[in-house]
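Participant: Handing you this structure, nothing more for now.
Since every read-out is calculated from the coordinates, none of them should be taken as a lab result. Predicted, not measured: the structure shown is a model, and the values here were computed from it. Here Cβ is always computed from backbone atoms with ideal geometry, including for glycine, and neighbour counts include all displayed protein chains.
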Amino acid sequence: MAERNNGAEIDSLVAQIARGDRMAFDQLYRHLERPLFRFIVLRLNDRHRSADIMHDVFLEVWRSAAAFRGQSSARTWIFAIAWRKAMEIHRRNDRVVYQETLPEQIDESTDAATAIAQAEDSKAVRACLDGLSAEHRIALELTFFEEMSYPEIAGVLGVPEGTVKSRVFHAKQLMLRCLTSKGATGGRKSYG
Amino acid sequence: MGDRVRNEISELLPFYLNGSLSVEEKAKVEQALSADTGLEAELKLLDRIRTSVHEELPGNSPGELGLARLGRDLAQAAPVRRPTLAALAAAFALGAILSGVIAVEAMRAPDETYRQAGAAPADESLLVAFRADATAGEISDLLVAGNYVIIDGPSALGLFNVAPPEGVDPAAAVAELAAAGAIVESAEIAR
C-alpha cells in the first residue's frame, strides 16, 4: 500500500536518480513496483503485458528523472507515465470501453441500509468491485489504495479534477446499487 | 441541505476518508456529516469498499526478477542529466557557431555540414550530451574531425541529435564519441 506520507521519500529518490544514483533507483523500484503493477493490470488485465509496461515505465523514470521539474509529486508523475503507456497499449488494441449507465442523483431503487448490510460480506463487495468498468475501478484504486487526493488523481489520469470527483462518486453509486441488488436477491444476481 | 450541496459533500467523502482533503474541505464535510445521517451511512459504505480494495491481493508482480531485468537495460540507457548553466551556455554558443556555419555553407556549396531539423533524418542518429566544461571549439573540432553532422539541437536538456558519417556503424560512432570522454558526457543511438 502506498502511504501518503512517503511522497517526500519518493520525491527525494527521484532527485537522486536524476543525478544517476543507481541505488536510489533500486529503492524506488522496491517502493513502487507492486502498486504500479496493480495499477497497470487493472487497466490492461494482462499480467505479462503489464510487466513489460512497468519495465518501460521504470526505464523512462531512469532516463527522464533529470527532466522532471516537480510540477506534481514524483509519485503522480510516475503513475501518469504508467497510465499513458497503458492507455497507448489499450488504444492500440482498440478495446471497447464499457460505459455503465450512471445515475446522476441518488438512485431511488437503492437502499443504503441493505447495501451497508451487504457490504459486511467481503465476497459481495469484491464481486461488485469486479463488476465495475476499468475507469471506475481505477478511480477507486487511486483513492483508496494509493490514497491520492483528487488533484493528484487528475494529474495521473490527465482529466479535470471535477471528472475525478464525479467518477469516484459514480463508482460509489454503482457499488451501492450492486450491493442493494445482491441484498435483494441473496447475493446471486450478476452485475455489469 | 440542498441536493447540489449534498452531492458536493458526497463527492468529497472518499477523499475525506483517505485524508487528502484541505483543512477547509474537511471542516465542510464534518459539518455536513453531523447534520445528515444519510451521509454517515455513505461514509460507512465507502469505508467498507476501501477495506475491500486494500484486502485485494496485488497478484504476482515481477519483483526482484523485474529489477534484474531492468539492471541489464539500465546499463545501456544512460540517464539524461540535467544540464548545468555552463553546459547550456556552451550549447548556446555552439548553436550560434553552427548557425553561422549553416548560413555560410548555404551560400557557398551544396555539400552537407549541417542538416536542418526539418530535413529527412539519417537512418540512425545519435543523441549526444556534451560535458559542461567542454568549450564550443572543442565540440566543434571533435564533430568536424569525425565527419559528424548535427541534425538537431540543443534540446531543452542540452542534447544534440547527431548523424554519424555515412557507412559508419552507429554503435561504432557511439563508441568513438564516448571515447572522447573529456568532451562528451553521453552518447547513445536515438530511438
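Participant: Quick check on the exposure proxy: order B:Val23, B:Val53 from fewest to most C-beta atoms within 10 angstrom. Before the final figure, lay out the partial values.
Facilitator: Working: B:Val23 7, B:Val53 19.
Ranking B:Val23, B:Val53 by Cβ neighbours within 10 Å, fewest first, gives B:Val23, B:Val53.
Participant: How much length would be gained if the chain were fully extended between A:Asp46 and A:Thr114, taking 0.36 nm per residue of separation minus their Cα-Cα distance, in nm to one decimal?
Facilitator: Working: separation 68, 0.36 × 68 = 24.48 nm, distance 3.46 nm.
Between A:Asp46 and A:Thr114, full extension yields 21.0 nm more.
Participant: List A:Glu152, B:Glu185, B:Glu56 from most exposed to least, where exposure is judged by having the fewest other Cβ atoms within 10 Å. Mind dumping the intermediate values first?
Facilitator: On the way: A:Glu152 24, B:Glu185 20, B:Glu56 16.
Least crowded to most crowded, the residues run B:Glu56, B:Glu185, A:Glu152.
Participant: So if R0 is 30 Å, what FRET efficiency would A:Arg30 and B:Asp36 give, r being the distance between their Cβ atoms, rounded to the nearest 0.05?
Facilitator: Working: r = 43 Å, r/R0 = 1.45.
Once the sixth-power term is evaluated, E becomes 0.10.
Participant: How big is the dipole moment of the stretch A:112-191 about its Cα centre under a simple scheme where the beta carbon of each Lys and Arg is +1, that of each Asp and Glu is -1, and everything else is neutral? Debye, nearest 20, please.
Facilitator: Numbers: 10 positive and 9 negative charges, 104 e Å.
Charge dipole, the stretch A:112-191, about its Cα centre: 500 debye, nearest 20.
Participant: On to the next question. According to a simple spin-label model (label point 7 Å from Cα along Cα-to-Cβ), what is the distance in nm between B:Ala175 and A:Ser12?
Facilitator: Using points 7 Å along Cα→Cβ, the separation is 4.2 nm.
Participant: Between the stretch A:43-57 and the stretch B:13-35, what's the alpha-carbon centroid distance in Å?
Facilitator: 35
Participant: Let me ask something else about it. Once the Cα gyration tensor of the stretch B:126-189 is diagonalised, what are the square roots of 5 times its eigenvalues, in whole Å and ordered largest first, as equivalent ellipsoid semi-axes?
Facilitator: On the way: eigenvalues 53, 32, 25 Å².
Ellipsoid semi-axes (Å, largest first): 16, 13, 11.
Participant: For peptide A:139-151, compute the average count of partner chain beta-carbon atoms within 10 Å of each residue's beta-carbon. Provide the component values of the computation, followed by the final result.
Facilitator: Working: counts 1, 6, 2, 1, 9, 11, 6, 2, 7, 3, 7, 8, 3.
So the per-residue partner count for this stretch is 5.
Participant: In the neighborhood of B:Gln31, defined by Cβ-to-Cβ distances under 12 Å, what is the net charge if each Lys or Arg adds +1 and each Asp or Glu adds -1? Write down the numbers at each step before the final one.
Facilitator: Working: positive: B:Lys26, B:Lys28; negative: B:Glu24, B:Glu25, B:Glu30, B:Asp36.
Local charge sum for B:Gln31: -2.
Participant: Starting from the 7 Å offset along Cα-to-Cβ, what nm value, one decimal, do you get for the label separation of A:Ala67 and B:Lys44?
Facilitator: 5.1
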